[in-house]
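Chemist: Structure below; questions to follow.
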Amino acid sequence: MADTGWLDFTSFSDIADVGTVAWLGPSNAATSNDGYANNTFLIGEQSHTLHASGPSGLSIPAGSVISGIEFRVEKKRNAAGSNQVTNHHIYINGTLTGSAEVDFSFPLGADAYVTYGSPGSLWGLSWDSSSFGTSFGFGFSMTNFGANDSLTVDHIQVKVYYNSGMFFVI
């Protein structure tokens with residue numbers, strides 16, 4: 001099995017499809033540089049979707065079979081006692097599609113990468129080598145429980161796993 005390596009996205013936005021809390025500076029999630037996309041939540045509030053699209057340099061050989069997709073998000077929360085439920089989704093042409101992955105981990109105090117998906121996760125969709133253009137994206141929204149908090153995202157990346165379409169029989 002081959003993979004693309006971790007690739008950066010080229011476009012970032014706040015999508016007001018859910019929640020009431022906007023992401024400030026969404027394009028700050030383009031690189032790991034301690035410049036953050038962020039928002040501040042009160043207890044019970046939900047964020048808009050932080051959306052990343054157009055992975056840079058993503059190229060899969062024609063005829064390859066896609067076996068999995070992973071995303072990793074470098075993020076942190078700033079208040080002890082807060083708890084976040086995060087819903088992660090695939091977006092195609094700006095539309096939420098496929099299966100969601102729900103998560104409760106948002107590291108406290110220091111940036112840390114958290115990975116979603118796996119080498120075997122297709123997110124409930126069928127893929128081929130032409131599926132990953134500028135319209136391919138990833139997004140997530142969060143709901144805050146427990147304590148008011150400021151949440152920050154420093155970097156979002158994608159990795160696609162595939163098997164080459166060339167097989168040899170001996």
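The values are calculated or read from the model by the stated rules, or taken from the named source; none is laboratory data. All values reported here derive from a predicted model rather than from experimental measurement. Cβ: placed from backbone, ideal geometry, glycine included. Neighbour counts: every protein chain shown.
Residue-wise test of (1) surrounded by fewer than 21 Cβ atoms within 10 Å (Cβ to Cβ); (2) within 23 Å of GLU74 (Cβ to Cβ).
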| site | (1), (2) |
| --- | --- |
| ILE92 | yes, no |
| ASP103 | yes, yes |
| TRP123 | yes, yes |
| GLY133 | yes, no |
| GLN157 | no, yes |
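Residues checked against (1) of a type in the set (Gly, Ala, Ser); (2) in contact with a strand residue (DSSP E or B) (Cβ under 6 Å, 6 or more places away or on another chain); (3) under 16 Å from SER150 (Cβ atoms):
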{"site": "ASP17", "(1), (2), (3)": "no, yes, no"}
{"site": "GLY35", "(1), (2), (3)": "yes, no, yes"}
{"site": "SER47", "(1), (2), (3)": "yes, yes, yes"}
{"site": "HIS51", "(1), (2), (3)": "no, yes, no"}
{"site": "SER56", "(1), (2), (3)": "yes, yes, no"}
{"site": "PHE71", "(1), (2), (3)": "no, yes, no"}
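Chemist: For GLY139, work out the one condition from (1) under 19 Å from VAL21 (Cβ atoms); (2) modelled with pLDDT under 90 it doesn't fulfil.
Modeler: (2)
Chemist: Also: Might you let me know whether the range 17-24 holds any residue that is assigned to a strand (DSSP E or B) and in contact with a Phe, Trp or Tyr (Cβ under 8 Å, 6 or more places away or on another chain)?
Modeler: yes
Chemist: Among the residues of the range 87-130, write down those that are assigned to a loop (DSSP other than H, G, I, E, B) and among the polar types (S, T, N, Q).
Modeler: Selection gives ASN93, SER105, SER121, SER126, SER129, SER130.
Chemist: Which numbered condition trips up ARG72, out of (1) part of a strand (DSSP E or B); (2) on the phi > 0 side of the Ramachandran plot?
Modeler: Status for ARG72: all satisfied but (2).
Chemist: Test of understanding: among SER56, SER64, SER47, which residue is surrounded by 16 or more Cβ atoms within 10 Å (Cβ to Cβ) and closer than 20 Å to ILE156 by Cα?
Modeler: Going through SER56, SER64, SER47 in turn, just one is surrounded by 16 or more Cβ atoms within 10 Å (Cβ to Cβ) and closer than 20 Å to ILE156 by Cα: SER47.
Chemist: Still on this structure: Would you say SER53 is outside any loop (DSSP other than H, G, I, E, B), within 29 Å of SER130 (Cβ to Cβ) and in contact (Cβ under 8 Å) with a residue 12 or more places away in the chain?
Modeler: Answer is yes for this residue.
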